[in-house]
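A quick write-up on the structure given underneath.
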Amino acid sequence: MKIVLSGTDSLGFWFAQNEELYDRAVTIHTTFVPFREYSRLLKIDDIDEYIRYGGTLKAGETNFENSDANAFDASFRTDESTRRYIDTAIAQNIQHSLKCYDRGNHFRNLIDLYKKDELTNAINRIIEDMNQAFTVDVITRDFKSSDLSSAKDLLRREKDETKRTDFLDSFDANEVTKKLMEILKIRNKERQAIEIEDVHVKEITEYLKALDLLEIVYTENIPISNKKQERIIFTQSGMRFCQAQVLVYSLMQDEVFGSLTGELRDIITDKILEDVRGRMLEDIVFLETKRAYGSKRNVFKLKFASGEFDMVIQDKTKKQCEIFEIKHSKELFPAQYRHINDEEKISLTEAQFGKVVRRCVLYRGESEMLENGVEYKNVEEFLKGLK
């Protein structure tokens, strides 16, 4: 006899699987909605819409054809709606399950926060801090890096004359980055209304993972190291983007930043948000590819002493692999594939992970194959092709 149980108490099911239903239950998660399902059900093929609102099927569920309704009904339309989602769909879920499980004796180190009615705020804080760390990482990794040269190149060659500019050629990214970091750190300290200890973060992160809201993934390094780098991917892309967007727009409240010209402020904030979308696109592609292949393929990011492959798909049985760059761009230019076309990096990869049989750039433009063997693949086509 097979029994189907369904409901929104995800953590309750997780507890049951570790107790009464141990080794007798199969879980089908519906928390995570991949792009292909989002596109199929809501008729939305734009990856940027998925980045902005993705994670639930609330957007458009009552009116598939009305784009205004989609935006208004989205769970992650504003900072307020995002916080409401975290409070109701996440924090209350966790607390309800902990209260009902084992007669409330499983709160562990979270019991004091629960008794003081501070657990909801703590969960919110930890999610926000994770997203803030993500945003700061984007700024330090992308805004200061040589990737800024890509933005310079694109702005110089912009088809729209009103947007074409060589401003970034004389732009001091280091000073602006320093200022952004100062503002974000100050904002972080001001939010600390209660004391959150490492053990609280660890336990809440464990429950968020059980709810299928985040996945912890690792990056391989060449030369190979036993210490792998860890990063957290949120399965609710809209929640991450909305909170990152709020952080970026909070910069506008700073007096010094606000004294810059409107054009300069727009260039800086647009650049940061574009980098946030780019990093989120990497995470979305990585997460969906990893889950699609399961244990059949090894999916990882690969870092070298200089540069990295955004994604590697390794087939251990055939001793071969595919290497990818992931770009949030509709434009095509050689700098995008410089790493996956680097013979030294390819040689180091083949020595460790198998023959490289595909070199591919995933981007938002049209799919095509270059004469040098580098493939350009539309990222929406790629994601919808994952099974």
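Near residue 235, the amide H atoms lying under 5 Å from its own belong to 214, 215; only residues 5 or more places off or on other chains count, and H is placed 1.01 Å from N.
In sequence order, the stretch 278-294 has phi-based couplings of x, 5, 5, 4, 4, 5, 4, 4, 4, 4, 5, 5, 4, 6, 5, 7, x Hz under the Karplus curve 6.51 cos²θ - 1.76 cosθ + 1.60, θ = phi - 60°, and Gly or Pro positions carry x. Pairs of Lys residues in the stretch 194-310, spaced 8 or more positions apart or belonging to different chains, with C-alpha separations under 27 angstrom: 23 in total.
Sort the following peptides by mean Cβ neighbour count (other Cβ atoms within 10 Å, averaged over residues), highest first: 199-210, 100-111. Let's see the in-between values first.
On the way: 199-210: 16.8, 100-111: 13.6.
Per-residue mean Cβ counts within 10 Å order the peptides as 199-210, 100-111.
A Förster distance of 45 Å, applied to the separation of the beta-carbon atoms of residue 305 and residue 87, puts the FRET efficiency at 0.50. Using the Cβ-Cβ distance between residue 368 and residue 344 with R0 set to 25 Å, the FRET efficiency from 1/(1 + (r/R0)^6) comes to roughly 0.45.
Just so you know, all these numbers are worked out from the coordinates, no wet-lab data involved. Computed from a predicted structure; not experimentally measured. Please note: Cβ atoms are built from the backbone with ideal geometry, for glycine as well, and neighbour counts cover all protein chains shown.
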